[in-house]
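For reference, the structure discussed in these notes is given below.
Each reported figure results from applying straightforward, stated rules to the coordinates on display, with no laboratory input. From a predicted model like this one, the values you see are computed outputs, not experimental measurements. Here the Cβ positions follow ideal geometry from the backbone for every residue, glycine too, while neighbour counts run over all protein chains shown.
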Amino acid sequence: MAVKIGFVGCGGIANAHMQNLAEIDNAEMVAFSDVIIEKAEQAADDYGGEAFEDHREMYDSAEMDAVYICLPPFAHTDQEVLAAEAGLHMLVEKPIALTMEKAREVEAAIAEAGVMSCSAYHWRTHDTIQWALEEFAGETIAMVLGWWMGGFPGVAWWRVQEESGGQILEQTTHIIDTARYIAGEIERVSAEMALRVMTDVENISVPDVGTVNLRFESGAIGNVTNSCIPPGWRNGLCIVGEKKTVVFDQNRFKLRTPDGVEERSWEWEAPHFRESELFVDAIAQDDPSLILSDYSNGVKSLAVSIAANMSAESGEPVALADV
């Protein structure tokens, strides 16, 4: 029996998910909602099902097992809580919220309802990340270096700090989540951010450069640097261990050991597809362990980005326990 899926938000990233779900045999898209009704109608024309302007009406009218919530950070209001109350499993695109208050409200609703959840940190499904986990099993990690360099989305809300949370929350969160996945939880951050060269962009208030120092609970230290100054040129991560160093750079994986260097590669599109495949299989098999990043994991990664923004504003280190 197919897992019946609805969408809240039918914009860019939602369309990528729709394309993947169309290729998954046990997934069936049945409903689409968007405040711009034409987007929902287009999705319904493309994939079948009903179109709605209001997610509440969709929850009340459509027969669904799960919902994909694909919204900008500022637009999260009651979509997740109402989905949980309706017994719908949910995949929530990152960033999952703009504030910790909202994220924790949703986390509590999911726990109370007992539905399955996925926060869409698809980097966890990369073959290269899984290889890194294998290589560092039992290895002492000393340092983590990450970077998200370049890339300025054209949507108007992205350039407004109060609506997007800035690049550290909206894009670089993938680097932060992957660092947590491999090196463990982060206990303290110290950040510097600035708007240096993109001051001529209309309504811009997000920093165009930033760097965040990390202290992990294990004692490892790290640094994550980002810039949204075009053109984009590099996203990746380096893990320095006792005897091994791994560099994950877009679609390449490089392992350095005393015995030499090993390189591997993977297909760029595969992680997004695998994320949806695992989510659908988890519902079909009633096995939440298939999901590599549930909503509660997303809350933890969100907290690091919010702590970084707090540190950059205050000029002081921020402990995650205080976020």
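Some observations on this one:
- Candidates Leu88, His55, Met116 compared by Cα position along the dipole of segment 28-141: farthest toward the positive end lies Met116, with charges placed on Cβ.
- By average C-beta atoms within 10 angstrom, highest first, the peptides 41-50, 179-188: 179-188, 41-50
- In this structure, Glu134 and Asp322 have a Cβ-Cβ separation that, at R0 = 41 Å, corresponds to a calculated FRET efficiency of about 0.75.
- With contributions of -39500 (n - 2.57) from each DSSP H run of at least four residues, the per-residue ellipticity at 222 nm computed over the chain stands at -10500 deg cm²/dmol.
- Estimated FRET transfer efficiency (Gln42, Thr77; beta-carbon r; R0 22 Å; 0.05): 0.40
- Centroid-to-centroid separation of segment 1-60 and segment 148-181 [C-alpha atoms, Å]: 25 Å
- Test item: Cα-centred dipole of the chain, Lys/Arg +1 and Asp/Glu -1 on Cβ, debye: 1520 debye
- Peptides ranked, highest mean first, by Cβ atoms within 10 Å: ranges 1-13, 196-208: 1-13, 196-208
- Chain lengthening between Ser296 and Asp200 when straightened (0.36 nm per residue, less Cα-Cα): 30.7 nm
- Rg to Rh, two decimals, where segment 96-227 supplies the alpha carbon set and Rh follows Kirkwood: 1.00
- Mean separation of Cα contacts under 8 Å (6+ apart) over length of segment 44-151, as relative contact order %: 20 percent
- Pairs of lysines in the chain whose Cα atoms sit within less than 26 Å of one another amount to 8, provided the residues are eight or more positions apart or on different chains.
- The magnitude of the dipole of segment 211-320, with charges of +1 and -1 set on the Cβ of Lys/Arg and Asp/Glu and taken from the Cα centre, is near 560 debye.
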